[in-house]
Amino acid sequence: MSQKNETTILALALLLTVGIVGGGFWWFSNNGAKIGNNIVPNQEPGSNPSLQDRISFGEKSFSQGDISPVKKEGVQAIAAKSYDKAIANFTAALKLNRNDPETLIFLNNARIDSSKSYTIVASVPFGTDPNTSLEILRGIAQAQNQVNSSGGIKGVFLRVGIANDDDNPEIAKQIASTLVSNSEVLGVVGPNTSDSTLAAGTIYTSGELVAISPTSTSVKISNFSRYVFRTVPSDFMAARSLANYMVRILQKKNAVVFFNSQSNYSQSLKSEFVSSVSLEGGQVASEFDLSKADFSAAKSLEQATKQGAEVLMLAANTETLDKALQVIQINQKKLTLLAGDDVYTAKTLEIGREQAVGMVVAVPWHIDGDPKSDFPQKSRQLWGGDVSWRSALSYDATVALITALERNPTRDGVQQALVSSDFSATGASGTIRFLASGDRNAPVQLVKIVPGSRSRTGYDFEPVR
């Protein structure tokens, strides 16, 4: 490809990116973009909030932008312990924006007022990735709303705090130390990324406080700690499914991988894919590091073609998604595309468009993956639209903590319940059980990008049957 063509394509991608950011994101479900605008974190760009300002049970909001005056009044009311007023404010705020999980969590916390409760905290990257944070919080809010609406955990309601860790391992560790020192906190949902989970996990382990990540997939988390669990399948499962699909279904044996050497998740998925392809009788001819300053999508594709590559595997993480999208554009559908779950975003549909059609992505869950599940219907009733796999797996993490609290509402009791051989809970993605490694032995779902209207982008992710 000529330098001129590459420049044209990259400029188009950049314009699309600016258009999306400038116009405001739709919140993304597993089938695409859905109702509701992106909510901007309640802090100035480049600011570094104090640790105290990073944790809220309703007395401060991490979102502004489209935040309604009545929600602001609710936040002020709960801070002043005026719970009846807070309830009225948050109820009115939800009527204006029904798919805001922060408001629902604050409403349920206000309903508890000063009564006895069991406390868990969500560690999410509100400051740097508000969309992912909202997806995670929808699952947590749905589980909290469900258990509290049915009388609580043996009569005791569930209180949920929100901690903004910015997906920063050091900040995640500081938050973990704060939560460990608060004896009322009996469990944590999060962190989001594998890097933050591994960093904060050392603190949770020393403080003997359970953390269940719904989204951290690195294989390094397996057997990492007796106090760190996850409801999402590991990269081993995703890589094995993609390698199997490549060699056995597509009948292709030569691939190259694009990854970020600075990301635990990306490194993990890449390594597991290379191993899995080899076991299937194929090979990975080259590995291209998206994080390098001199990375060139055009030159990498030129090299891949010379090496006889048939498949491009995109093990990009959030920070390198834009470069992965450059690869998709420049590839022009010449080589088959595979990808990990961080590529599963509305941005991929918006920018990849026709060039991304046919790409197969490994995800932990899809709303149409299990016709027997009642979770999709209940979540649609609550939020007014489809939810993502992050919401489903966060719901599962919260349900697991609720089930453990029913057995023994202490930190030790929660940990012992989760590792018990007879532990079982029913979640959005089926039965929840944990292996001794802290992993959940669950399959992944392969989805393919196809033309469609459901996501409002012109393209959708649909299950590979």
Answer yes or no as to whether Thr193 is hydroxyl-bearing (Ser, Thr, Tyr), crowded, with 24+ Cβ neighbours inside 10 Å and either under 22 Å from Trp365 (Cα atoms) or at pLDDT 95 or above (or both).
yes
Would you confirm, using the coordinates I've provided, whether Gly340 is over 23 Å from Ser194 (Cβ atoms), touching a helix residue (DSSP H, G or I) at 6+ places or on another chain (Cβ under 6 Å) and open to solvent by less than 30 Å² (accessible area, probe 1.4 Å)?
no
Test Phe57 against the stated conditions and say whether it is among the aromatic types (Phe, Trp, Tyr), closer than 28 Å to Arg407 by Cα and modelled with pLDDT of 95 or more.
yes
Number of the exception - Trp26 against (1) surrounded by fewer than 19 Cβ atoms within 10 Å (Cβ to Cβ); (2) at pLDDT below 50; (3) in contact with a Gly (Cβ under 9 Å, 6 or more places away or on another chain)
(1)
Being outside any helix (DSSP H, G or I) and among the aliphatic types (A, V, I, L, M) is the filter; apply it to the stretch 344-376 and report the residue that is nearest to Tyr395 (Cα to Cα).
Ile367
Could you tell me which of the residues Gln332, Gln326 is crowded, with 21+ Cβ neighbours inside 10 Å, among the polar types (S, T, N, Q) and over 17 Å from the mean Cα position of the chain (by Cα)?
Gln326
Return yes or no: is Ser206 polar (S, T, N, Q) and either under 22 Å from Ile78 (Cα atoms) or at pLDDT 95 or above (or both)?
yes
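Go through Ser206, Ser181, Ser213, Ser177 for me and flag whichever is touching a residue at least 12 places away in the same chain (Cβ under 8 Å) and within 22 Å of the chain's Cα centre (by Cα).
After applying the criteria, what remains is Ser213.
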Is it true that Ala255 is part of a helix (DSSP H, G or I), aliphatic (A, V, I, L, M), in contact (Cβ under 8 Å) with a residue 24 or more places away in the chain and open to solvent by less than 20 Å² (accessible area, probe 1.4 Å)?
no
(1) in contact with a strand residue (DSSP E or B) (Cβ under 6 Å, 6 or more places away or on another chain); (2) buried (at least 23 other Cβ atoms within 10 Å of the Cβ) all hold for Ser241 apart from (2)
Out of the residues in the stretch 117-147 that are open to solvent by 20 Å² or more (accessible area, probe 1.4 Å) and at pLDDT 95 or above, which is farthest from Lys60 (Cα to Cα)?
Gln146
Starting from the stretch 332-358, take each residue that is modelled with pLDDT under 95 and list its partners that are assigned to a helix (DSSP H, G or I) and of a type in the set (Ser, Thr, Tyr), counting only C-beta distances under 6 angstrom and pairs at least six apart or across chains.
Asp342/Thr318
Only listed residue being in contact with a helix residue (DSSP H, G or I) (Cβ under 7 Å, 6 or more places away or on another chain), among the charged types (D, E, K, R) and either at pLDDT 95 or above or open to solvent by 40 Å² or more (accessible area, probe 1.4 Å) (or both), chosen from Glu302, Glu310, Glu287, Glu319
Glu287
Do we find that Val274 is open to solvent by 10 Å² or more (accessible area, probe 1.4 Å), at pLDDT 95 or above and of a type in the set (Val, Ile, Thr) in this structure?
yes
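The values are calculated or read from the model by the stated rules, or taken from the named source; none is laboratory data. Quantities reported herein were computed from a predicted structural model and do not represent experimental measurements. So basically every Cβ, Gly included, is an ideal-geometry build from the backbone, and we count neighbours across all protein chains shown. Calculation scope for accessible area: heavy atoms of the full protein, side chains included, ligands and nucleic acids excluded. Shrake-Rupley method; radii C 1.70, N 1.55, O 1.52, S 1.80 Å.
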